[in-house]
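Engineer: Here it is: the structure, laid out below.
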Amino acid sequence: MVKVVQSWDDGLVSDIRLIEIFRRHHAKATFCLNPGLHHDTRSFGWRHEDSEVWRLSIHELCHVYEGFEICSHSMTHPCLTDIPYDQLLWEIKASKQMLEDIFHKPVLGFCYPFNAYNDSVKNMLRLSGYKWARGNQHYEEAFPPADPFEIHPSCHFLDHDFWNKYDRLKCMNSVFFFWGHSYELISEGMWHNIEEKINGISLDPDAEWFFLDELIM
Ligand SMILES: [Zn+2]
């Protein structure tokens with residue numbers, strides 16, 4: 001038996017296509033959002049390879065992510081270990097409040113922008129009511145985490161060893177946790193490949209999808 005969790009970052013327009021795949025195959029997923037970076041209309045973020053990366057508008061977040069788990073990725077995606085105390089407080093507390101207002105449900109998880117954190121950041125998360133936080137280093141055996149504010153995924157979704165890691169964790173009755181960004185899916189072949197992965201997991205009678213909240217609480 002393997003418990004499977006997946007987490008996708010940054011609130012992008014390409015999440016819509018990813019979510020269609022998740023819905024088709026009844027997969028759970030966690031999305032890490034920066035509410036301070038979404039505007040009244042969709043907005044250009046940056047270029048990746050040959051494509052433009054666009055953020056969703058603030059008004060479509062609630063509908064796009066309905067039924068999925070939401071965690072805060074801070075207000076504006078700064079490196080949290082490099083900013084003054086007041087901004088850190090705002091990035092952590094205001095993002096939680098704003099996401100809870102948008103989604104009308106508690107937001108208990110946090111994802112560190114650029115995987116940057118220290119004891120002050122973790123303490124502020126705890127004091128602000130978060131229950132867990134994730135980074136993006138790869139610890140194959142992610143669960144149970146020694147510290148719920150230092151959860152790291154088993155691997156990235158493009159990891160060449162994806163299925164071997166999945167099989168090893170299944171043999172251990174453990175948790176397989178992968179992550180990524182939908183903007184990394186830059187060809188039809190890659191979209192086909194992620195759908196194969198999601199479908200493969202959903203069809204596995206020895207696998208079950210979970211939200212991170214369900215594994216931590
Ligand atoms: Zn990010």
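Engineer: Of all residues being surrounded by 14 or more Cβ atoms within 10 Å (Cβ to Cβ) and among the charged types (D, E, K, R) in region 18-70, which is nearest to Ser182 (Cα to Cα)? Just the residue, please.
Structural biologist: Arg55
Engineer: Further question: Under 28 Å from Tyr130 (Cβ atoms) and surrounded by fewer than 16 Cβ atoms within 10 Å (Cβ to Cβ) - does that describe any residue in region 148-157?
Structural biologist: Going through region 148-157, the residues under 28 Å from Tyr130 (Cβ atoms) turn out to be 148-157.
Checking which are surrounded by fewer than 16 Cβ atoms within 10 Å (Cβ to Cβ) leaves us with 156.
Within region 148-157, one or more residues are under 28 Å from Tyr130 (Cβ atoms) and surrounded by fewer than 16 Cβ atoms within 10 Å (Cβ to Cβ).
Engineer: So, one more: Show the residue pairs meeting these rules: Cβ distance below 9 Å; 6+ apart or different chains; first residue within region 158-178 and over 18 Å from Leu212 (Cα atoms) and free of Cβ contacts under 8 Å to residues at least 60 places away in the same chain; second residue hydrophobic (A, V, I, L, M, F, W, C) and surrounded by fewer than 18 Cβ atoms within 10 Å (Cβ to Cβ).
Structural biologist: From region 158-178, the pairs are Leu158/Met190.
Engineer: Can Phe103 be described as under 21 Å from Gly11 (Cβ atoms), within 15 Å of the ligand (Cβ to nearest atom) and among the hydrophobic types (A, V, I, L, M, F, W, C)?
Structural biologist: no
Engineer: Right, next: Could you look through region 106-122, keep only residues that are surrounded by 15 or more Cβ atoms within 10 Å (Cβ to Cβ) and assigned to a helix (DSSP H, G or I), and pick out the one that is farthest from the ligand (Cβ to nearest atom)?
Structural biologist: If we take residues in region 106-122 being surrounded by 15 or more Cβ atoms within 10 Å (Cβ to Cβ) and assigned to a helix (DSSP H, G or I), then Lys122 is farthest from the ligand (Cβ to nearest atom).
Engineer: Identify the residue in region 12-50 that is acidic (Asp, Glu) and touching a residue at least 40 places away in the same chain (Cβ under 8 Å) and, among all such residues, is farthest from Trp90 (Cα to Cα).
Structural biologist: Taking the candidates together, the pick is Asp50.
Engineer: Taking into account only those residues within region 13-71 that are within 21 Å of Asp213 (Cβ to Cβ), of a type in the set (Val, Ile, Thr) and part of a strand (DSSP E or B), which is nearest to the chain's Cα centre (by Cα)?
Structural biologist: Here the answer is Thr30.
Engineer: Which of the residues that make up region 83-105 are crowded, with 18+ Cβ neighbours inside 10 Å, out of contact with any strand residue (DSSP E or B) (no Cβ under 9 Å at 6 or more places or on another chain) and not hydrophobic (A, V, I, L, M, F, W, C)?
Structural biologist: Result: Lys93, single match.
Engineer: For residues in region 1-12 being assigned to a strand (DSSP E or B) and under 22 Å from Lys96 (Cα atoms), which is farthest from the ligand (Cβ to nearest atom)?
Structural biologist: Our first condition is that a residue be assigned to a strand (DSSP E or B); within region 1-12, this holds for 2-9, 12.
Now restrict to residues that are under 22 Å from Lys96 (Cα atoms): 5-9, 12.
Working: Val5: 17, Gln6: 15, Ser7: 11, Trp8: 10, Asp9: 4, Leu12: 10 Å.
Only one residue tops the list, namely Val5.
Engineer: In this structure, does Lys131 turn out to be basic (Lys, Arg) and within 16 Å of Glu150 (Cβ to Cβ)?
Structural biologist: yes
Engineer: Residues that are of a type in the set (A, V, I, L, M, F, W, C) and out of contact with any helix residue (DSSP H, G or I) (no Cβ under 9 Å at 6 or more places or on another chain): list the helices (runs of 4 or more DSSP H) wholly contained in region 141-217 that include at least 3 such residues.
Structural biologist: Fully inside region 141-217 and qualifying: 212-216.
None of the figures in this text is laboratory data; all of them are computed from the coordinates on show. This is a predicted model, so every value here is computed, not measured. Don't worry about glycine lacking a Cβ; one is built from the backbone with ideal geometry, like all the others, and counts go over all protein chains shown.
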